Amino acid sequence: MAAHGDAEVKPTHVGKKKIVAKRYWDDSTEKKGREGREKEQKKEEHDEQKNTLEGGMPYVKRKKGEDGRKKGISGKMDPFPGPAPISKEKLKKFKRGGNKKMSSGTRGRLKDSLSRAEVASNLAQNQAARYDLLLPEDAGFLEGDEDEDTCTIMQEDIADAVDITSGSKYFNLSLSQFGPYRVDYTRNGRHLLLGGRRGHVVCIDWQSKQLKCEMNVMETVNDVKWLHSEAMYAVAQKKWLYIYDSSGIELHCIRKFNDVLRLQFLPYHFLLATASATGFLQYLDVSVGKEVAAICTKAGRLDVMALNPQNATVHLGHPTGTVTLWSPNQKEPLVKMLCHKGGVRSIAVDKTGTYMVTSGLDRKLKVFDIRTFQPLKSYFLPAGASCLSLSQRGLLCASTGNIVQVYQDVCNTPVKKPYMTHRVRGSVYGAQFCPFEDVLGVGHAEGFTSMIVPGAGEPNFDGLDANPYRSVKQRQEWEVKALLEKVQPELIGLDPGQLGLVDRASWEQRHQDKVQALGFDPLAKVKYTPKFKTKGRSSSGKVQKRKKQVAHEDQRDQIRETVERLQKEKQKKEVSNTDQGQRSALDRFRK
């Protein structure tokens, strides 16, 4: 047995590279040339610089596995390499027309532009289908059991069946002393404004039930309306129009707007449209505090008013059964439609600006297509509809007395029965759907009722336009951007798409018109440059004097010529008129 000191020490495997025998079918272990190694090293350095993370963080180089796939930072390989596949159904949803085949005779430059446009369209289609996952909320409607009508389901049953947050959206405010109440929600659906007929004005955050302000103006309140944000609102009182802030402080009293009955606000134009008892339609620019237009409609008392959100035109209903569409740029109505045999009671326009729903004293509910100005459907209601409102998903609220009825898809399919019904304590005075919420706010003689209407609101909101969860800082930044992007009232028209079809005059045409208007060509000669003189006679002041002396000499000559020519033409016309006056009646038969 050998001693331990004489034993041979075997080398360990630590620190040694494993030598793999080369196989004849394996080309990966072949040695590359010096040029190939340099190219690969430069490529790796370029990728490392390109993929440097934001904030100066270094890029972590990922190793590759045996199959060529990159490993993650932790050392594991990605089991799903590359972008996620997109289903064909989603691609069809965002398809923008079919792919057109180019003929062989298409020119090269046109062919390149068409191919680039097709590539951009396909990219937009794929990205839209991929980002559709960011809209997680789906719109759903209330479905009853077998042989059960949804209109028989009570609000208390819905509030008990849903979660606590959704159930809290159904509540009643008992305000029987100062009613009936007008209702208005902000564009993001966060705040609620109530205006009682007897002067009671309430501003609350209805989701958190936090009271912002409450006051009594001690006179009749005809209507209330939020302005561009929840910081200000307008109140149409008995005599004049008042502007208050969210804490109830009076900011303005506008006495030009008197006897106002209805209010509508144009958010992208910063215009407040008012309809008065004297028959005037007035527009107020709230960004500068000036009156933009005052139109006498010559139609008597104006107490029915609606806004088309698609083209910003105002719809007015009249006691003669007609509905007129107005723009601040014209003194006459853009369109005048005969809708009912009796007076118009209420008007509602959907968010796409395609359909208009009206109700009249003839107890009929009619749906019109604004694109063709033709009636699509007509329904007979035994008691008529006093107040109409359309939701973001196309549900229609029609109130008759103290009963609120909600109809589903009135514009496209014939409706035989209501989707939901609810009885309130007093006669309905105002109703409006809350944006981005399945809630309907009803103002009546005994206070306010918030109803749960499944499927009424748009589930996904645009955070850059109307964000219900924005902070004060975000609201201030949005307000500044909205003021910078304000649309001018001159652009309001029946078809906003016509703005892109305007044929702008070329430079030559504009120059020719300018020459005809001035009587001379201002670009015909080079500007006069004074000659340089010595001994201080070419100072800047003296040069300007010399320029003024000869600046208008040529123009004066041409103007004199044009004036003389016009005077001669005028004299010729006067002579011809006098000759015609001295002629006899038989001179017309002479050759």
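The values are calculated or read from the model by the stated rules, or taken from the named source; none is laboratory data. Predicted model only: the values in this text are computed from it and were never measured. Note: ideal-geometry Cβ built from the backbone for every residue, glycine included; neighbour counts use all protein chains shown. Accessible surface is based on the protein model in full, side chains and every heavy atom, while ligands, DNA and RNA are left aside. Shrake-Rupley method; radii C 1.70, N 1.55, O 1.52, S 1.80 Å.
Among the residues of region 463-477, at least one is open to solvent by less than 40 Å² (accessible area, probe 1.4 Å), in contact with a Lys or Arg (Cβ under 6 Å, 6 or more places away or on another chain) and not in a strand (DSSP E or B). Taking region 216-230 as the range and being closer than 19 Å to PRO267 by Cβ and open to solvent by 30 Å² or more (accessible area, probe 1.4 Å) as the test, the residues that pass are LYS225, GLU230.
When restricted to residues that are of a type outside the set (Val, Ile, Thr), surrounded by 10 or more Cβ atoms within 10 Å (Cβ to Cβ) and at pLDDT 80 or above, region 497-515 contains 6. Any residue at all in region 240-253 that is modelled with pLDDT of 95 or more and within 23 Å of the chain's Cα centre (by Cα)? Within region 240-253 (the criterion being modelled with pLDDT of 95 or more and within 23 Å of the chain's Cα centre (by Cα)), the answer is no, since none of the residues qualifies.
Residue by residue, here is whether (1) open to solvent by less than 10 Å² (accessible area, probe 1.4 Å); (2) part of a strand (DSSP E or B) holds:
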| position | (1), (2) |
| --- | --- |
| SER287 | no, no |
| MET337 | no, yes |
| LYS341 | no, no |
| VAL357 | yes, yes |
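For the condition farther than 29 Å from GLN474 by Cβ and surrounded by fewer than 16 Cβ atoms within 10 Å (Cβ to Cβ), SER247 does not qualify.
Would you list the strands (runs of 3 or more DSSP E) that sit entirely within region 148-200 and hold 1 or more residues that are out of contact with any helix residue (DSSP H, G or I) (no Cβ under 8 Å at 6 or more places or on another chain) and open to solvent by less than 20 Å² (accessible area, probe 1.4 Å)? It comes to 181-185, 191-196. Selection of first residues in region 374-393 that are more than 20 Å from VAL304 (Cβ to Cβ) and of second residues that are among the acidic types (Asp, Glu), restricted to Cβ pairs under 7 Å at least 6 apart or on distinct chains, gives the following pairs, ordered by first then second residue: LEU376/ASP369; GLN392/GLU458; ARG393/GLU458. Residues in region 85-130 that are outside any helix (DSSP H, G or I), surrounded by 10 or more Cβ atoms within 10 Å (Cβ to Cβ) and modelled with pLDDT of 75 or more: ILE86, PHE94, LYS95.
For the structure I just gave you, tell me whether GLN374 is open to solvent by 40 Å² or more (accessible area, probe 1.4 Å) and closer than 15 Å to ASP409 by Cβ. It is false that GLN374 is open to solvent by 40 Å² or more (accessible area, probe 1.4 Å) and closer than 15 Å to ASP409 by Cβ. If you go through region 380-415 and keep only what is part of a loop (DSSP other than H, G, I, E, B), more than 26 Å from PHE461 (Cβ to Cβ) and not small (Gly, Ala, Ser), you end up with LEU381, PRO382, ASN402, THR413, PRO414, VAL415. Among the residues of region 315-333, the ones that are surrounded by 17 or more Cβ atoms within 10 Å (Cβ to Cβ), touching a residue at least 60 places away in the same chain (Cβ under 8 Å) and in a loop (DSSP other than H, G, I, E, B) come to 2 in all. Considering each residue of region 134-142 in turn, at least one proves to be small (Gly, Ala, Ser), surrounded by fewer than 16 Cβ atoms within 10 Å (Cβ to Cβ) and under 34 Å from the mean Cα position of the chain (by Cα).
Applying the criterion of being within 18 Å of the chain's Cα centre (by Cα) and open to solvent by less than 20 Å² (accessible area, probe 1.4 Å) to the residues of region 267-284, the residue that is nearest to HIS318 (Cα to Cα) is ALA273.
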